[in-house]
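Below: the structure, in structure tokens.
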Amino acid sequence: MNQLSIHNPATGALITQVPADDATSVAAKAAAARAAQPGWLAVPLAERKACIVRFRAAVVTELEALAAIMTGETGKPIKMSRNELNGLLGRIDFFLKEVDAQLVTETVFAEGGMTERIEHIPLGVVVNISAWNYPWFVGGNVFIPALLTGNAVLYKPSEYATLTGLAMARLLHGAGVPKDVFIAVIGGGDVGAALQAQRIDGLFFTGSYGTGAKIAQALGPRMVKLQLELGGKDPTYVCDDADPKVAAESLADGAMYNTGQSCCSVERIYVHEKVYDVFVAAFLDTLRGFKVGDPMLETTYIGAITRAPQLDVLDAQVADAKAKGASLLTGGKRLPGPGNWFVPTVFANVNHSMELMREESFGPIIGIQKVAGDAEAIGLMNDTRYGLTAGVFTPDEARAKTLLAQVNAGSVYWNCCDRVSPRLPWSGHGDSGVGLTLSTYGIQTFTRPKAWHLRTAG
Ligand code: NAD
């Protein structure tokens with residue numbers, strides 16, 4: 001059997017090896033999920049919910065150990081691992097509260113012996129190919145509503161968050177979800193490709209644009225429901241009437257939280273020329289308070305870069321920005337020693353000829369561009385192939401709403417950033433993806449509406 005080696009990105013040390021899937025075992029798992037799904041649908045919704053309630057309780061009981069597993073394999077600072085697990089609880093509560101209403105059969109017409117009904121049935125067997133940066137969030141956004149609505153789930157954690165994925169499977173099975181209703185599929189891209197080749201009813205992907213495009217191409221002719229939650233190059237504009245210090249503190253956090261490895265990290269900042277200098281100074285001040293170091297330490301704010309190849313992307317963006325005239329204010333290089341480390345980096349005097357302002361960085365690096373006014377800011381914010389989130393800082397609500405209405409993004413923020421709510425749909429424009437998770441739409445998305453036309457005889 002293949003073995004998958006799991007390394008600690010903070011030290012480079014081998015953590016363990018786990019058995020990985022191959023084409024044969026993937027096919028067997030897909031067949032097992034197919035066979036198990038009708039039985040799971042026959043389980044009353046109240047009992048499916050009870051399984052998720054027990055799963056939630058197990059997450060609470062094991063929270064410290066689960067946080068340590070995630071930090072060990074991803075390099076995420078331990079406090080942020082705890083935050084993610086605690087955040088997951090609120091998402092579970094939301095799904096538990098809302099799922100009943102989403103599954104009620106609706107009678108939309110009843111007259112003269114004719115009745116029309118909409119029934120919400122599960123898709124069937126769904127695949128979730130997942131990312132490593134928030135494995136509990138992006139996995140839970142899919143497998144919790146998918147299981148509640150009666151689907152079987154083939155879950156492939158990222159090869160950089162495999163131990164976390166195996167922990168999810170263990171806790172779900174311990175909570176009463178049958179072994180073949182939630183199946184972890186272990187491995188890298190080749191295993192993901194083998195999984196997508198199976199007979200499936202939906203594929204829910206979280207990851208990079210490049211992989212998402214490959215999956216879309218492969219699934220196109222097969223009429224399989226496909227959702228792609230992809231990357232971003234998320235902009236924020238700080239207006240001339242904003243408090244530049246307050247905005248800088250919030251945006252430094254938005255850019256650097258999780259070592260800049262969030263899909264909705266702030267990746268571009270535009271600042272009105274009137275407040276630019278104060279903003280940049282305050283941004284650097286805030287950054288100086290972010291401690292870089294061992295992710296297991298309580299005081300650490302900036303951890304390791306999870307995937308070693310991302311260091312090359314960051315190096316290339318730094319070199320390109322420098323060559324095109326940007327001013328490096330701090331950082332700009334790797335940290336020596338074992339593991340994957342990059343110094344928090346800030347560039348001023350940037351423009352859109354630079355990769356730093358066009359392509360997802362996914363690391364602790366940011367460009368801050370001076371703008372002359374709202375029209376220029378909006379033009380720059382929309383000058384992107386992505387469209388996940390965008391924000392504006394100003395005390396003027398009407399101005400914020402006018403600006404945000406013009407931005408092409410799935411989520412928009414007034415005086416905040418890097419925020420996800422279970423009550424709101426999470427989606428992207430353009431190359432940030434198709435489909436959505438979260439909100440009541442993110443429950444419905446795991447069902448298909450079946451139309452019933454019922455005429456009484458005679
Ligand atoms: P990735 O595309 O490298 O990998 C994602 C998953 O796809 C992994 O499980 C991987 O094993 C699998 N995979 C790789 N090649 C495959 C193939 N040919 N066929 C099928 N599966 C394949 O992405 P990543 O590095 O894990 O995640 C980072 C990216 O995810 C960033 O771009 C980030 O912005 C994005 N992301 C988006 C959201 C969102 O909600 N929009 C959330 C988190 C992360």
Might you report the magnitude of the Cβ-based charge dipole of the range 127-258 about its Cα centre, with Lys and Arg at +1 and Asp and Glu at -1, to the nearest 20 debye? 780 debye
Using a cut-off of 11 Å between beta-carbons, work out the net charge of the residues near Val127 (Lys and Arg +1, Asp and Glu -1, Val127 not included). +3
Per 10 angstrom bin, beginning at 0 and ending with the bin that holds the maximum distance, the Cα pairs of the chain fall in percents of 4, 20, 29, 25, 14, 6, 1, 0, 0
List the relative contact order of the range 33-100 as a percent without decimals, with contacts defined as Cα pairs under 8 Å and 6+ residues apart. 31 percent
Just want to confirm a number: the relative contact order over the range 59-147, from Cα pairs under 8 angstrom separated by 6+ residues, in percent. 25 percent
If we restrict to alpha carbons, what Rg and Dmax does the range 62-177 come to, in Å? 17.9, 65
Value of relative contact order over the chain, rounded to a whole percent, pairs C-alpha under 8 Å and six or more apart: 19 percent
Given that compact globular proteins tend to follow 2.2 N^0.38 Å, what is the ratio of the alpha-carbon Rg of the range 234-421 to that value? 0.97
Have a look at the DSSP beta bridges in the chain and tell me what percent are antiparallel, nearest 5. 40 percent
As a test of reading the structure, rank Met296, Met354, Met114 by solvent-accessible area (1.4 Å probe, protein chains only), most first. Met296, Met114, Met354
Using the Cα centre as the reference, give the magnitude of the dipole from point charges on the C-beta atoms of the chain (Lys, Arg: +1; Asp, Glu: -1; all else neutral), rounded to the nearest 20 debye. 1020 debye
Find the accessible area per residue for the range 248-304; the probe is 1.4 Å, ligands and nucleic acids are left out, and the unit is Å². 35 Å²
Taking Cα atoms, the helix 244-256 axis meets the longest principal axis of the chain at an angle in degrees (rounded to 10) of 50 degrees
Of Ala36, Tyr134, Ala282, whose Cα points farthest to the positive end of the dipole of the chain (charges on the beta-carbon: +1 Lys, Arg; -1 Asp, Glu; origin at the Cα centre)? Ala36
Mind pulling the angle between the C-alpha long axis of helix 276-288 and the longest principal axis of the chain? Nearest 10 degrees, somewhere in 0 to 90. 70 degrees
Along the charge dipole of the range 253-387, pointing to its positive end and built from +1/-1 on Cβ of Lys, Arg, Asp and Glu, which listed residue (Val371, Gly293, Pro338) has its Cα farthest out? Pro338
For the chain, which whole-number percentage of the solvent-accessible area (1.4 Å probe, protein heavy atoms only) is attributable to carbon and sulfur atoms? 57 percent
Normalised by the empirical 2.2 N^0.38 Å for globular proteins, what value does the Cα Rg of the range 317-458 take? 1.46
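The values are calculated or read from the model by the stated rules, or taken from the named source; none is laboratory data. None of these values were measured; they are calculated from a predicted model. Cβ atoms come from the backbone with ideal geometry, glycine included; neighbour counts cover every protein chain shown. Protein only, heavy atoms only, side chains kept; ligands, DNA and RNA dropped before computing areas. Shrake-Rupley method; radii C 1.70, N 1.55, O 1.52, S 1.80 Å.
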